[in-house]
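The values are calculated or read from the model by the stated rules, or taken from the named source; none is laboratory data. All of these numbers come straight from a predicted model, not from anything done at the bench. With ideal geometry, Cβ positions are generated from the backbone for all residues, glycine too; neighbour counts draw on all protein chains shown.
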């Protein structure tokens, strides 16, 4: 989910940390140790360890180790495990301590299952637990609802975010004197005993339809209700983030997607190679005799679950209950705890999911103030094997939001809620509405929003982006910029934006202005449908193309090598954009652009009748272009200036066409530009995620200036850019036909988790390969046509721009992510064209460099 995933959580947490208060007025109690068998001296996994009188507890890992930290500890721990006598140990609260526990076995007969006290030396061959899980996996098709040809049901989902670790000392601080009312809603978590304060609730009422062949599942959202602080948190963004944070979980699937990762399900055919299984007990549960089958990843750092399955002790091998958690050693950031519980009931010979709950404990530091995220789902009115009209199942969308879903009245929710809200939950809507009118709260959120989004709101107008207020480059020198835009409070359909900038070296003013009209309810709403006109009097680096960031960002001012080839342009642009709910989008743009060279860039060409080069002062393009894009089930995070896509398993197709028109509005050139791009994300369960992207294109025309052709996306900054060539120079290559590709695999710590010194650091590995291969036809090649605008040479007369006809440009990189939970450093190696000018050198190796980036992720 990237950097934006935590904005809502971070803003409220930062507000609380910014107050002059000691958040940690109640001391942390931390206990760790190892639990062993008194007779065999073997370590014991899956042992329950909990503070007596609280809900704070954990279970031991495969090596028998445990670790538990809380600010609400009692003075004693209870250690219990089936087949052993309970042990009670005293604890000194408010301190760190190591307590090893020895359990004494008792003779226990569990009927069909015999518990063996010796847990060491795990073997798969001849292991009854392994035989049992194979039976469960073999019966998946018969026990899951997806085995039916058709089904439908009503669904009520409630997602709640709660601020946790609220201490008594925290409540009494002066900063909260004017809004003590919020602490009336503090409750205690059943997950780990932490006090929590609800700050956000989203309710969704839906009707779900499923068809087995051809497979289709549609969720029609009939009602959506949520709390929010609209001025600071975009409600659509909150809905998107909660959808991603809490995706639908089917334990019968091979993988469970959660927090942006794929956890291997214990019911995957590969589960036996990833997990270790143990039979713990045979018990009665809600009228069913079940086998308690525990499991845990063989490597506790891997992205996987630990927990238990209640398997019906008969020939059906159906799962009656699933209770999943995570290892404390798992390679996840900010997730202190997680619990997933699903329960199934048997109705009309079909096992139906009756309870579905996920609780995630998120905190930026262990024991610090953080958040609980809870998703609870209830189901009713199941209908099986009733076929509906084809339109119900058609289309690529999985989730369809019905019109006015967010405007339902109290009568609708009285029916839709399958259980009533608690008094605390009912009060949260009022509390949030009241809280956002507290001046201290608003002032702090204003500051933090400015730092994170780069904009400061003044009601109908917002100023920003702050990161572009000051920048510098070798041509303009120090550059100051100031601008802003109107908000939906000014006019929900009309957006005005603009800025002015001044370079102190070139002593030139730059400016921009734009007007956008939205055909939706407001210009922030998705899907987009708008018309926009704009004018820019501005500079740009030739060959620099950036994603989701403005070009004159301060942090991008730091560049390597020569970076003084710029264009000064005047652009007049008219755009129309239409996006459908199925994520099919179409755009039509006309742009008239007058460009003149700046810095060391020149528009020189050779006249056969004049031995000295002739310099063209400016040129004009008149271009109409269209874009067609299809991105099934794509979701976005809406920023102030950009919309950041959140990728899923579906491919993204982008087709572009542009036509240059000579003679129209001063256009100097005729040309056609055509390109097709495909992006696809591949999930490989515990082995990581691969992003692959391929684009091919061709420019048709004769005598087209080389900088209007394809200039591969170069990067001369020291920041690692995923879609750019990080060791390529601006204007280094030019093509009129090309194909480029990129593949990046994130191992998510799969390798480092198995290296003793690395696994404790929770580092993650990433490998990338990029390339581009192209051709420059003779009719557009300045080296073969003196009458064309010529490539630029450096001060020594050496050629600076080349073609790619002999071989492709290729660069590879290996990186380490999750450095201090947010940093990434890559060593990048360029493999071809190492003799070109301005070649980076690292440790005496040509074509090598180090690049860095910052990204927050779980």
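Structure notes:
- Matching option when the condition is loosely packed, with under 15 Cβ neighbours inside 10 Å and either in a strand (DSSP E or B) or in the same structural domain as residue 623 (by TED's automatic domain parsing) (or both), among 497, 521: 521
- Residues that are in a loop (DSSP other than H, G, I, E, B), under 37 Å from the mean Cα position of the chain (by Cα) and in contact (Cβ under 8 Å) with a residue 24 or more places away in the chain, drawn from the stretch 804-825: 804, 807, 808, 821, 822
- Verdict on residue 858 being in the same structural domain as residue 748 (by TED's automatic domain parsing) and without any contact (Cβ under 8 Å) to a residue 12 or more places away in the chain: no
- Residues that are over 23 Å from residue 525 (Cβ atoms) and free of Cβ contacts under 8 Å to residues at least 60 places away in the same chain within the stretch 398-418 comprise 410, 411, 414, 415, listed in sequence order.
- Where strands (runs of 3 or more DSSP E) fall wholly inside the stretch 31-74, the ranges with 2 or more residues that are in contact (Cβ under 8 Å) with a residue 60 or more places away in the chain and either surrounded by fewer than 22 Cβ atoms within 10 Å (Cβ to Cβ) or in the same structural domain as residue 99 (by TED's automatic domain parsing) (or both) are 57-59, 65-70.
- Checked against the criterion of being in contact with a strand residue (DSSP E or B) (Cβ under 6 Å, 6 or more places away or on another chain) and in a loop (DSSP other than H, G, I, E, B), the candidates 475, 515, 488 yield just one match: 475.
- Residues that are in contact with a helix residue (DSSP H, G or I) (Cβ under 8 Å, 6 or more places away or on another chain) and modelled with pLDDT of 70 or more, drawn from the stretch 161-175: 161, 163, 166, 171
- Residue check, residue 262 surrounded by fewer than 18 Cβ atoms within 10 Å (Cβ to Cβ) and at pLDDT below 95: no
- The one condition from (1) modelled with pLDDT of 95 or more; (2) in a loop (DSSP other than H, G, I, E, B); (3) in contact with a helix residue (DSSP H, G or I) (Cβ under 8 Å, 6 or more places away or on another chain) that residue 699 does not meet is (2).
- Answer residue from the stretch 330-357, given it is surrounded by fewer than 19 Cβ atoms within 10 Å (Cβ to Cβ) and in a loop (DSSP other than H, G, I, E, B) and is nearest to the chain's Cα centre (by Cα) among those: 333
- Put simply, of 453, 394, 376 the only residue that is modelled with pLDDT of 90 or more and crowded, with 16+ Cβ neighbours inside 10 Å is 376.
- No other residue among 212, 158, 194, 207 is in contact (Cβ under 8 Å) with a residue 12 or more places away in the chain, buried (at least 20 other Cβ atoms within 10 Å of the Cβ), closer than 30 Å to residue 350 by Cα and not assigned by TED's automatic domain parsing to the domain that holds residue 41 apart from 158.
- Which numbered condition residue 122 fails, given (1) under 20 Å from residue 267 (Cβ atoms); (2) out of contact with any helix residue (DSSP H, G or I) (no Cβ under 6 Å at 6 or more places or on another chain); (3) modelled with pLDDT of 85 or more: (3)
- Members of the stretch 785-803 that are more than 18 Å from residue 603 (Cβ to Cβ) and either loosely packed, with under 15 Cβ neighbours inside 10 Å or within 31 Å of the chain's Cα centre (by Cα) (or both): 795, 796, 797, 798
- Residues of the stretch 125-156 satisfying the condition of being within 28 Å of residue 204 (Cβ to Cβ) and in a loop (DSSP other than H, G, I, E, B): 144, 148, 149
- Options 614, 686: the member that is at pLDDT below 95, surrounded by 15 or more Cβ atoms within 10 Å (Cβ to Cβ) and outside any loop (DSSP other than H, G, I, E, B): 686
- Among (1) over 29 Å from residue 747 (Cβ atoms); (2) surrounded by fewer than 15 Cβ atoms within 10 Å (Cβ to Cβ), the one test that residue 822 misses: (1)
- Options 784, 762, 770: the member that is within 20 Å of residue 731 (Cβ to Cβ) and not in a strand (DSSP E or B): 784
- Residue in the stretch 101-114 that is buried (at least 19 other Cβ atoms within 10 Å of the Cβ), modelled with pLDDT of 85 or more and either touching a strand residue (DSSP E or B) at 6+ places or on another chain (Cβ under 6 Å) or more than 30 Å from residue 357 (Cβ to Cβ) (or both) present: yes
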